[in-house]
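This report concerns only the one structure given below.
Read-outs throughout are calculated quantities, based only on the coordinates presented, and are distinct from any laboratory measurement. If you're wondering where the values come from, they're calculated on a predicted model, not measured in any experiment. No Cβ is skipped: glycine too gets one built from the backbone with ideal geometry, and neighbour counts run over all protein chains shown.
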């Protein structure tokens, strides 16, 4: 969006606009939540009143226009579908499921692409965790996880690798995955940064094999209290070599 502060400025501007719209409107939502330019709201009034509110909101500022999907059953917010499931009739609790855009092609990075092994594991677990967090129904979560596994295998990922990483994500751990982690308690670890190449030996094994040399030195032991975190910087791709950014 241009400068680093663009999102912050947009948030401040939209907060002012929406506050004035809601204050001046006679019909107000019972819930109104916004993330940058995506809003979810809940109403206890008629559809005509909601459309009237939308019409006034779109005439409030010349450059700000709202579009809305009005439904009594479900609505899309960010990458989730918020809907009335089985729990709504019994406990008045809304459920969520992962939303996939109609244009989504699932073109995951090929397994044999030149990436560090940790990238493969991180990508699989990261997407599986996203599915865990964005599906409140166990059956829908497990269905999405199976579909994810099929797509990975279609992109060349070995079945054993897929099953190993996906088996670590369990629906029983969903509540823990939704809670905020205490990042202040995490250890400060010095990164060891290098450029990845598939012909490189196992650098982590080499580092850990020689780590005792640092631990045996009292002064170094006080400086380097934890083993380094192996990090890879991005190397030049064919695009970087063939395409010049400057004319």
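Values as computed for the structure displayed
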read-out	value
Gain on full stretching of the segment that runs from residue 9 to residue 99 - 0.36 nm per residue minus C-alpha separation	29.6 nm
Mean separation of Cα contacts under 8 Å (6+ apart) over length of region 183-242, as relative contact order %	56 percent
C-alpha long axis of helix 117-133 to longest principal axis of the chain, angle in °	30 degrees
Label-to-label distance, nm, for residues given as residue 194 and residue 49 (7 Å Cα→Cβ offset)	6.7 nm
Stokes-Einstein diffusion coefficient of region 91-247, Kirkwood radius over Cα pairs, 20 °C, 1.002 mPa s, in µm²/s	110 µm²/s
Where labels lie 7 Å past Cα in the beta-carbon direction, separation of residue 231 and residue 107 in nm	3.0 nm
Where labels lie 7 Å past Cα in the beta-carbon direction, separation of residue 40 and residue 202 in nm	4.4 nm
More than 19 Å apart - percent of Cα-Cα pairs taken over region 106-178	30 percent
Relative contact order %, the chain, counting alpha carbon pairs below 8 Å whose residues are six or more apart	11 percent
GNM flexibility winner over the chain from 152, 200, 22 (Cα, springs under 10 Å)	200
For the chain, calculated [θ]222 nm from helices alone, where every DSSP H run of n ≥ 4 adds -39500 (n - 2.57)	-13000 deg cm²/dmol
Projected area, mean over directions - region 6-98, Cα convex hull, nm²	6.8 nm²
